1. Quick one: angle between helix 38-72 and the longest Cα principal axis of the chain, in degrees between 0 and 90, rounded to 10, please.
2. On a 0 to 90 degree scale, rounded to 10, what angle separates helix 125-157 from the longest Cα axis of the chain?
3. Add +1 for every Lys or Arg and -1 for every Asp or Glu among the other residues with Cβ under 12 Å from the Cβ of Val112, and state the total.
4. For Cα Rg over 2.2 N^0.38 Å, one of (i) 1.07; (ii) 1.43; (iii) 1.20 was computed from the structure I shared and the rest are decoys. Which label?
5. With Cβ to Cβ distances under 15 Å as the rule, what net charge do the other residues near Ile150 carry (K, R +1; D, E -1)?
6. Divide by every residue of the chain the summed helix terms, -39500 (n - 2.57) for each DSSP H run of at least 4, and state the resulting mean residue ellipticity at 222 nm, rounded to the nearest 500 deg cm²/dmol.
7. What is the angle, in °, between the Cα long axis of helix 2-22 and the longest principal axis of the Cα atoms in the chain? Nearest 10 is fine, range 0 to 90.
Amino acid sequence: MYSILVVLHILAAMIWIGGMMFLSLVLAPLVRSRKAAPEFMALFRSAALGFRPVVWMAIAVLLTTGPMLLAHRGINVANPGSWAGIVTVKVTLVVLLLFLTVLHDLVFGPQVSRVSTIPESQRTPSEQVVFKTARWLPRLSLFIGLAVVIAAVMLARS
């Protein structure tokens with residue numbers, strides 16, 4: 001059972017982080033290099049929206065298997081005061097990553113769709129902030145996601 005949990009946990013993390021890497025490092029630069037032609041923006045938007053349910057399924061798997069794996073290692077999930085430092089770091093990073101994902105998917109994502117239809121020269125300062133934030137938020141999430149992976153490796157080695 002433990003091996004199945006580990007495999008599911010790792011696959012879910014690979015899907016989430018791998019998808020973020022593809023969107024941030026491959027597809028987004030492609031769209032920017034085409035000067036945001038409408039068909040490329042539509043491709044990016046479709047890919048991101050198609051990836052969203054996959055991400056949330058991966059999150060569900062991670063949030064299910066993670067506590068089970070900790071419990072298997074004898075770590076009391078209900079008692080954060082007893083956690084080793086690396087467990088605290090990993091859980092903190094995961095919570096931050098979840099917060100940023102919710103912020104991106106439920107707050108900035110819908111606003112960007114609206115703002116991107118407005119010519120840049122006609123955007124209000126708050127619309128410009130929304131657009132710029134929506135560009136760096138996924139990059140920050142990717143950085144934190146990679147930090148979670150590093151923390152996971154350190155935890156596995158301890």
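No value in this document is a laboratory result; all are computed from the given coordinates. Quick caveat: nothing in here was measured; it's all calculated off a predicted structure. Virtual Cβ from ideal backbone geometry, glycine too; neighbours counted across all protein chains shown.
1. Helix 38-72 sits at roughly 10 degrees to that axis.
2. Here the helix axis deviates by roughly 20 degrees.
3. Result for the local shell: +3.
4. Checked against the structure: label (iii).
5. Net charge in that neighbourhood comes out at +2.
6. -26000 deg cm²/dmol
7. 20 degrees
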